[in-house]
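J.: I'd like to ask some things about the structure below.
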Amino acid sequence: MSVPAWRTHDLHDRNLWPLIDPALEDPALADVAVSILSAARGDACPLDLDRQAARDFVVEHRLACLVPLDAVASSHRSWLKRRQVESAAVQLRLRSAAIDVLELLHEAGFETRVLKGLATADLDYVDPTLRHTGDVDVAVRLADLDPVRILLARHGYRDHPTPFSPYLLYGWTFDAPGGTELDLHTRLFRRSPLADDIFASRGEPLSLLPGTALPAPGRLVHAAGHFIISPPGTRRMSSLVDVTRLLERSDLDLDAARHFAATLGVESLVGAGIRVEAQLSGRADVLRRLDRWRAPDWVERNTRLVPRRRLILDHLARFREVPPGHRLGYLPSWLLPSRRQRELLAGSARRAIGRLVSRAPMPGTQAHSGHSRNHDSATGDIE
């Protein structure tokens, strides 16, 4: 039996870059991503920002603060410096907003965990200014969500509209009084259970904020899972860089990360997310250890381990994201998706039909036996 391509140990496999962003099918743009990943590992590497597409990629994926000024041509340093100053200002506002909400919740007796960018910037980067994030992410226990919402509303936090069905129970989003977005999490990401598992182990104290984060293995699970479970086309390379920084830690317990991922029921996808970074960074030792992790199933390979979104299959599999006991209530939202969702699904159907038509043999020709299935070199995907 052949090993799926996404599980091979080909180091520095450039075919994996489109999993981060389909635009990275462009080799020149992929070179930019290679340089940024090298910078995240502490290796000096020049970066070509002459093309507008390269500058757009750096901005869209929140990477400007990672790029050393001396890594780019002098003609681009003023542009890059301006972006870095803007990022630093955003991070100061976010930390101030995070301090306010954490102090408020702690004084009221609620247990929290700081998640994502603010946590990894504090604990896993050599300099916290190297990690740009766009909002404040805090986990609370599911039983505390409603009283926390009431408390925040009394202190001027306003509901922020989101497109998600409440039956998915991702959490709640607020606009803080200063305009910063605050995401309350009741689960780490799609497919993970509700929040009490997040609090099963003692948190790691933060130095820049009055709170705690998940332990390093938990942060790795969250970073890799959030990266790979985000639908193709919506991922940010900054999430992958979090995985890079965590794998650079000499004290990281990968077996503890596997155990935590298995507890959450997302071992296969988290392992796949770590594998992407390990192959791009050439981490042979990590790849060998990942062979013991559970492999993604067919649905996971064809919805999360492909460069482009397959919305119809993704929609059919959405029930996997709904916590048990809430699936019947979610059924109307699944049967009658929103107008925007219907438009996206229709477009996905047209593209799928187009792929099938383009692969159909011309009249008078015969397909080669044994080669009728097309395997994507990066993911082992079968069309």
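Values in this text are rule-based calculations from the coordinates and carry no lab data. On a predicted model such as this, the values are computed, not experimentally measured, just so you know. Note: ideal-geometry Cβ built from the backbone for every residue, glycine included; neighbour counts use all protein chains shown.
J.: Order these by the 10 Å Cβ neighbour count, fewest first: SER192, SER201.
T.: SER201, SER192
J.: Hey, another quick one. With labels modelled as points extended 7 Å from the Cα through the Cβ direction, what inter-label distance (nm, one decimal) is found for GLU343 paired with GLU60?
T.: A separation of 1.8 nm, rounded to one decimal place.
J.: Modelled label-to-label distance, ARG154 and ALA284, 7 Å Cα→beta-carbon offset: nm?
T.: 6.1
J.: Okay, next question. Please state the shape class of the range 47-103: rounded when a/c is under 1.5, otherwise prolate if a/b exceeds b/c and oblate if not, all from the C-alpha gyration tensor.
T.: Note, shape of the range 47-103 comes out prolate.
J.: Which length gain, in nm to one decimal place, applies between GLU248 and GLU103 when the Cα-Cα distance is subtracted from 0.36 nm times their residue separation?
T.: Net length gain for the segment: 49.1 nm.
J.: Calculate the spin-label point distance for ARG51 paired with SER74, positioning each point 7 Å from the Cα along the beta-carbon direction, and give it in nanometres.
T.: 2.6
J.: So, in Å, what gap is there between the alpha-carbon centers of the range 57-96 and the range 198-259?
T.: 23
J.: Something else: By counting other Cβ atoms within 10 Å of each Cβ, how are GLU300, GLU181 ranked from fewest to most?
T.: Taking fewest neighbouring Cβ atoms as first place, the list is GLU181, GLU300.
J.: What's the long-distance tail for the range 43-186, i.e. % of Cα pairs beyond 23 Å?
T.: 44
J.: Follow-up. Got the relative contact order for the range 217-306 handy, in percent, Cα pairs under 8 Å and 6 or more residues apart?
T.: This gives 36 percent for the range 217-306.
J.: Now, a different point. Please tell me the relative contact order of the range 9-359 in percent, rounded to the nearest whole number, where contacts are Cα pairs under 8 Å and at least six residues apart.
T.: Result for the range 9-359 is 19 percent.
J.: State the antiparallel share, in %, of DSSP beta bridges confined to the chain, rounding to the nearest 5.
T.: 70
J.: If R₀ is 22 angstrom, what is the calculated FRET efficiency for the pair ARG294 and SER230, using the beta carbon separation as r and rounding to 0.05?
T.: The value I calculate is 0.65.
J.: Once whole DSSP H runs in the chain are found, which of them have Cα atoms spread over 18 Å or more along the helix axis and a mean Kyte-Doolittle score of at least 1.6?
T.: Qualifying helices: 27-40.
J.: Follow-up question, since we're still on this one. Once amide H atoms are placed 1.01 Å from N in the peptide plane, what residues at a sequence separation of 5 or more from GLU204, or on another chain, have their amide H within under 5 Å of its amide H?
T.: ALA213, LEU214
J.: Let me ask you something else. Take the Cα of ARG350, step 7 Å along the line toward its Cβ, and report every residue of the range 231-249 whose backbone nitrogen sits under 20 Å from that point.
T.: Under cut-off, by backbone N: 233.
J.: For the residues LYS81, LYS116, what sequence is obtained by ranking on other C-beta atoms within 10 Å, fewest first?
T.: Starting with the residue having the fewest Cβ neighbours, the order is LYS81, LYS116.
J.: Rounded, prolate or oblate: pick one for the chain, where a ≥ b ≥ c are the square roots of the eigenvalues of its C-alpha gyration tensor, a/c under 1.5 means rounded, and failing that, prolate if a/b is larger than b/c, else oblate.
T.: Cα axes put the chain in the oblate bin.
J.: Using DSSP to define loop residues, name the trypsin sites (Lys or Arg not before Pro) in the range 164-210 whose beta-carbon has at most 10 other beta-carbon atoms within 10 Å.
T.: The qualifying sites are ARG202.
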